[in-house]
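Asker: One structure follows; several queries about it will come next.
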Amino acid sequence: MTSIYHFLFVPVTIGLAFLTAVLQTMWHRRGQAAYRRLTRFFGTLLVINIAVGVVTGLVQEFQFGMNWSAYSRLVGDVFGAPLAMEGLAAFFLEATFLGVWIFGWDRLPRRIHLASIWAVAIGASLSAAFIMAANSWMQHPVGYTTDASTGKPQLDDIWAVMTNPVFLWGYTHVLLAALATAAVVMLAVSAWQLRKGKHTEVFARSAKLSLAVLAPTMLLAMFVGSELGVVEARYQPMKIAAAEAQWETCQPCSFSVFQIGGGNNDQTPTQVIEIPHLLSLLATNHWNGQVIGLNEINAQYQQQYGPGNYVPNVFIQYWSMRLMAYTAVVILLLSLWGLWLVHRRKLETSRRFLWLATWAVFLPIIMNTAGWMLTENGRQPWIVQGIMLTADGVSPSVGTATIVTSLIVFFLLYLVLAVVDVVLMIRYARRELPPAPAEPADEPPVPAAIP
Amino acid sequence: MTLVNVWFIIIAVLWTGFFVLEGFDFGVGILHRYLARDEADRLTVINTIGPLWDGNEVWLVVAGAAMFAAFPGWYATMFSAMYLALALVLVALILRGVAFEFRGRDTGTGWRRTWSILLVVGSVVAPFLIGVALGDLLQGLPIGSDQEYAGTFWDLLQPYALWVGITLVAICNLHGATFIALKTTGEVRDRAKKLAKRLAPFVAVIVAVFAIWTHVIAGKGVLPNIVEIAAILAIVAAAWFAGEERDGWAFALTTFVMAATIVSIFTELFPRVMVSTNGPATDLTISNTASGSYTLKLMTVIFVIIFPVVAAYQAWTYHTFRRRLSRAEFENPAEE
């Protein structure tokens with residue numbers, strides 16, 4: 001649960017860090033004051049958001065030991081290494097240079113100040129890389145040998161962990177999704193400002209920039225996502241079969257666009273709209289590819305790992321897959337419409353588009369949460385695919401009451417923080433821009449400090 | 001020297017680094033209301049750590065992650081045993097972290113007051129509970145032969161562990177005061193120096209008791225060792241330097257006090273990592289909780305490459321933001 005919450009804020013942070021860096025680079029290159037004002041504006045949004053992202057990241061790092069001690073004990077040898085590298089290589093970079101960037105506006109040479117926002121962006125995406133490497137290992141364990149006496153997996157090839165195909169595709173997918181998320185946020189904020197008719201010239205630029213980023217990233221994200229699907233169909237056939245609610249093996253397979261029924265207790269959906277061959281194509285890259293059904297994989301796993309039910313919750317799996325994909329399509333269409341309006345030079349005046357673009361801010365949140373559910377739920381009942389069941393990973397010494405209490409506390413705390421964070425971001429986003437400096441080259445020193 | 005020993009030292013260094021750096025952040029958080037007469041004073045004090053605290057807090061994350069990678073057994077037992085305590089630490093750190101950020105987002109006095117008080121509370125609770133946790137490692141907890149914790153939350157609150165918590169909070173206060181004196185001018189600086197002088201005798205007594213108690217717990221007699229005696233003398237000297245306008249020396253000395261305190265806990269612990277009250281056979285040690293040799297080798301290479309870089313750019317940050325702050329900068333809070 002906490003990881004879902006964490007995942008709400010992190011993509012915005014990673015993406016926004018990059019976009020802010022891009023804005024500042026444009027200001028640096030072209031010297032136009034508008035970019036400087038935009039950098040400040042979106043930089044502040046970034047800072048408000050990062051405050052929450054960093055501290056909830058701390059919780060992530062600690063809770064493996066707190067809630068999942070049996071898991072940590074068993075796989076710490078492999079799983080701990082990427083986390084420690086994340087702390088050393090990424091967190092230090094991100095946190096240190098964020099401080100430098102916020103407070104360095106008038107104390108640093110411009111070049112170094114610009115470099116520090118890039119350091120933040122790189123740190124943020126590096127940290128995502130290590131955490132995704134660790135997560136991908138849970139999805140598809142590689143690069144380890146099992147110790148004969150203790151039965152613990154021991155790392156023996158870090159290169160294999162860092163070139164895990166699930167990681168390479170998954171990380172690219174997440175990075176693109178993060179960039180798209182931030183682009184949508186930037187678009188929504190700019191659209192809101194344009195609707196109010198304030199600073200039209202400035203915010204038209206940021207709207208155009210966000211659209212120019214959004215359309216290609218979204219397209220790439222979808223392409224990489226479908227490649228990831230192929231990779232996962234190979235290593236985690238259960239996940240893909242469940243996402244398609246495909247109980248029986250099929251060849252060629254149709255993609256179901258919409259269905260009623262078909263959950264874990266009901267293998268025959270009542271109403272299905274299907275597109276022939278599409279599933280084969282998505283899962284295997286072949287027109288007539290074979291997709292193995294849930295029942296067959298379950299039987300295989302029972303032979304391999306002993307009796308039990310190895311099917312994840314199919315209903316969640318099926319719908320999170322669709323929710324993610326359909327939202328992505330909507331975002332893509334929206335960005336194409338926006339680009340067309342830019343081409344016709346009507347972006348600033350199309351009230352319908354601006355209205356939609358403002359509310360589109362919720363779409364990537366839905367998309368990201370659904371995507372995360374898809375990959376985590378699809379691994380169940382395993383915590384590490386084929387090595388350890390989720391039920392065996394929890395801390396034996398921690399009582400249920402303790403976990404429930406702490407979950408409630410964290411939930412309430414996060415809820416309050418989320419509300420404050422969102423309210424602050426919205427209030428700030430609706431604020432007017434700080435007045436343009438008369439001469440951007442040497443303006444009066446703005447107090448770069450905690451206000 | 002084997003890699004297992006090296007990693008015990010690295011982890012001790014990371015914890016020490018965390019307390020030396022974040023220690024004055026905690027101190028600044030605790031003292032920022034006490035040392036201030038008005039909002040401009042408070043802003044001056046908070047801004048002394050403005051660009052720094054976030055990077056300092058990462059030391060804690062890295063210390064935890066290094067334990068995970070090098071000693072998964074230690075990490076798993078310690079963090080699950082101290083579940084509620086660490087959950088509270090996290091709540092405290094979260095509130096403290098967002099307090100910095102959210103506090104300034106509204107000018108209402110009620111809003112600022114609320115976040116200000118949360119900042120103080122968070123800055124007391126976090127070092128206290130982490131101190132309790134470190135004290136528990138040495139005093140011992142009920143640990144079964146399966147390396148799992150067999151006690152409850154209340155078993156954590158042992159007398160020695162609580163004393164370690166008190167000691168760390170006390171040092172954080174002193175360390176924070178010398179830091180503020182070093183980084184500000186005018187009245188705020190004078191008040192910080194006066195506070196440091198007044199606090200010093202109490203802190204010296206607390207640390208002395210800590211040093212003796214640590215030796216008793218470790219079964220090494222009563223007398224503190226040379227480093228600990230030096231730490232106690234350093235507190236007295238810090239008070240003197242604070243009076244003599246030597247802010248840098250005073251701060252350097254409180255840094256030494258903090259480092260000596262943390263190091264002495266880890267020194268007495270070695271080669272154990274968690275003492276068990278069920279006899280030495282069930283103690284967690286560096287050898288029965290460590291990762292495999294490949295992981296340790298890999299992590300050593302990474303650490304040797306990256307850590308100096310991190311240390312260098314953090315030092316550069318301190319150099320960049322080295323100048324003293326005066327309240328004049330914050331008297332007319334410009335529109336953000």
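Asker: Every residue in the stretch B:179-203 that is farther than 12 Å from residue B:44 by Cα, surrounded by fewer than 21 Cβ atoms within 10 Å (Cβ to Cβ) and not aromatic (Phe, Trp, Tyr), please. Before the answer, list the steps.
Answerer: At the first step, the residues of the stretch B:179-203 found to be farther than 12 Å from residue B:44 by Cα are B:179, B:182, B:190-203.
Checking the rest, the ones that are also surrounded by fewer than 21 Cβ atoms within 10 Å (Cβ to Cβ) come to B:190, B:194, B:197-198, B:201-202.
Of everything in the stretch B:179-203, those that are farther than 12 Å from residue B:44 by Cα, surrounded by fewer than 21 Cβ atoms within 10 Å (Cβ to Cβ) and not aromatic (Phe, Trp, Tyr) turn out to be B:190, B:194, B:197, B:198, B:201.
Asker: Check the stretch B:125-136 and report whether any residue there is without any contact (Cβ under 8 Å) to a residue 60 or more places away in the chain, over 21 Å from residue B:260 (Cα atoms) and within 17 Å of the chain's Cα centre (by Cα).
Answerer: yes
Asker: Now for a separate question. Of the residues A:32, A:63, which is at pLDDT below 75, surrounded by fewer than 23 Cβ atoms within 10 Å (Cβ to Cβ) and either touching a Cys at 6+ places or on another chain (Cβ under 8 Å) or at the interface with another protein chain (Cβ under 10 Å from one of its Cβ atoms) (or both)?
Answerer: Every option except A:63 fails the conditions.
Asker: On to the next question. Residues that are within 8 Å of chain B (Cβ to nearest Cβ), buried (at least 21 other Cβ atoms within 10 Å of the Cβ) and in contact (Cβ under 8 Å) with a residue 12 or more places away in the chain: which helices (runs of 4 or more DSSP H) entirely in the stretch A:67-158 hold 3 or more of them?
Answerer: In the stretch A:67-158, the matching helices (runs of 4 or more DSSP H) lie at A:69-85, A:92-103.
Asker: Residue B:63: under 19 Å from residue B:128 (Cα atoms), of a type in the set (Gly, Ala, Ser) and touching a residue at least 60 places away in the same chain (Cβ under 8 Å), yes or no? Let's see the steps before the verdict.
Answerer: Details: under 19 Å from residue B:128 (Cα atoms): yes; of a type in the set (Gly, Ala, Ser): yes; touching a residue at least 60 places away in the same chain (Cβ under 8 Å): no.
Spelling it out, it is not the case that residue B:63 is under 19 Å from residue B:128 (Cα atoms), of a type in the set (Gly, Ala, Ser) and touching a residue at least 60 places away in the same chain (Cβ under 8 Å).
Asker: Further, regarding this structure: Enumerate the pairs (first residue in the stretch A:191-213 and over 22 Å from residue A:332 (Cα atoms); second residue anywhere and small (Gly, Ala, Ser)) with beta-carbon separation below 6 Å, excluding pairs fewer than 6 apart on the same chain, so at least 6 apart or on different chains.
Answerer: A:202/A:34
Asker: When you scan the stretch B:216-237, how many residues do you find that are farther than 30 Å from residue B:248 by Cβ and not basic (Lys, Arg)?
Answerer: Number of matching residues: 7.
Asker: Another one. Among the residues of the stretch B:286-317, count how many are at pLDDT 85 or above and hydroxyl-bearing (Ser, Thr, Tyr).
Answerer: Number satisfying all stated conditions: 3.
Asker: While we're looking at this one, here's another question. Can you tell me how many residues in the stretch A:162-174 are in contact (Cβ under 8 Å) with a residue 24 or more places away in the chain and either surrounded by fewer than 22 Cβ atoms within 10 Å (Cβ to Cβ) or in a loop (DSSP other than H, G, I, E, B) (or both)?
Answerer: Taking the stretch A:162-174 as the starting set, the residues that turn out to be in contact (Cβ under 8 Å) with a residue 24 or more places away in the chain are A:162, A:164-167, A:169-174.
Filter once more, keeping what is either surrounded by fewer than 22 Cβ atoms within 10 Å (Cβ to Cβ) or in a loop (DSSP other than H, G, I, E, B) (or both): A:162, A:164-165, A:169, A:172.
Count: 5.
Asker: In the stretch B:292-309, is there at least one residue being under 16 Å from residue B:78 (Cβ atoms), within 9 Å of chain A (Cβ to nearest Cβ) and out of contact with any Lys or Arg (no Cβ under 7 Å at 6 or more places or on another chain)?
Answerer: no
Asker: Against the conditions (1) at the interface with chain A (Cβ under 9 Å from one of its Cβ atoms); (2) in a helix (DSSP H, G or I); (3) not basic (Lys, Arg), where does residue B:328 fall short? Just the number, please.
Answerer: (1)
Asker: Then there is this: Out of the stretch A:212-236, which residues are surrounded by 20 or more Cβ atoms within 10 Å (Cβ to Cβ) and more than 19 Å from the chain's Cα centre (by Cα)?
Answerer: A:233, A:236
Asker: Give the residues of the stretch B:1-55 that are away from chain A (no Cβ under 14 Å) and free of Cβ contacts under 8 Å to residues at least 24 places away in the same chain, sorted by residue number.
Answerer: Result: B:1, B:2, B:9, B:38.
Asker: Now, a different point. Being more than 7 Å from every other protein chain (Cβ to nearest Cβ) and in a helix (DSSP H, G or I) is the filter here; which residues of the stretch B:65-76 pass it?
Answerer: If we filter the stretch B:65-76 for residues that are more than 7 Å from every other protein chain (Cβ to nearest Cβ), which is where we start, we get B:67, B:70-71, B:74.
Across the stretch B:65-76, the qualifying residues are B:67, B:70, B:74.
Asker: Pairs please, first residue from the stretch A:34-51 and closer than 12 Å to residue A:185 by Cβ, second anywhere and at pLDDT 75 or above and small (Gly, Ala, Ser), Cβ atoms under 7 Å, 6+ apart in sequence or on different chains.
Answerer: Note: no pairs meet the criteria.
Asker: Inspect the stretch B:253-271 for any residue being outside any helix (DSSP H, G or I), under 24 Å from residue A:74 (Cβ atoms), at pLDDT below 85 and more than 11 Å from chain A (Cβ to nearest Cβ) and give the result as yes or no.
Answerer: Scanning the stretch B:253-271, I find at least one residue that is outside any helix (DSSP H, G or I), under 24 Å from residue A:74 (Cβ atoms), at pLDDT below 85 and more than 11 Å from chain A (Cβ to nearest Cβ), so the answer is yes.
Asker: For residues that are out of contact with any strand residue (DSSP E or B) (no Cβ under 8 Å at 6 or more places or on another chain) and either more than 11 Å from chain A (Cβ to nearest Cβ) or among the small types (Gly, Ala, Ser) (or both), tally how many sit in the stretch B:81-113.
Answerer: Keep residues of the stretch B:81-113 that are out of contact with any strand residue (DSSP E or B) (no Cβ under 8 Å at 6 or more places or on another chain), which gives B:82-113.
Within this subset, residues satisfying the condition of being either more than 11 Å from chain A (Cβ to nearest Cβ) or among the small types (Gly, Ala, Ser) (or both) are B:85, B:87, B:92, B:97, B:99, B:104, B:108-110, B:113.
So the count comes out to 10.
Asker: Here's a follow-up. What do you reckon, is residue B:129 touching an Asp or Glu at 6+ places or on another chain (Cβ under 7 Å) and either modelled with pLDDT of 90 or more or not β-branched (Val, Ile, Thr) (or both)?
Answerer: The answer is no for residue B:129.
Table: residues versus (1) surrounded by fewer than 24 Cβ atoms within 10 Å (Cβ to Cβ); (2) within 22 Å of residue B:161 (Cβ to Cβ).
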position: B:22; (1), (2): no, yes
position: B:40; (1), (2): yes, no
position: B:48; (1), (2): no, no
position: B:66; (1), (2): no, no
position: B:74; (1), (2): no, yes
position: B:80; (1), (2): no, yes
position: B:101; (1), (2): yes, no
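Asker: Then there is this: If we keep just the residues of the stretch A:335-366 that are of a type outside the set (A, V, I, L, M, F, W, C) and without any contact (Cβ under 8 Å) to a residue 60 or more places away in the chain, which is surrounded by the most Cβ atoms within 10 Å (Cβ to Cβ)?
Answerer: This residue is A:350.
Asker: Which is β-branched (Val, Ile, Thr), in contact with a Gly (Cβ under 6 Å, 6 or more places away or on another chain) and at the interface with another protein chain (Cβ under 10 Å from one of its Cβ atoms), of B:317, B:289, B:277?
Answerer: After applying the criteria, what remains is B:289.
The values are calculated or read from the model by the stated rules, or taken from the named source; none is laboratory data. Since the model is a prediction, treat every value here as computed from it, not as a measurement. Ideal geometry is used to build each Cβ from the backbone, glycine not excepted, and the neighbour counts take in all protein chains shown.
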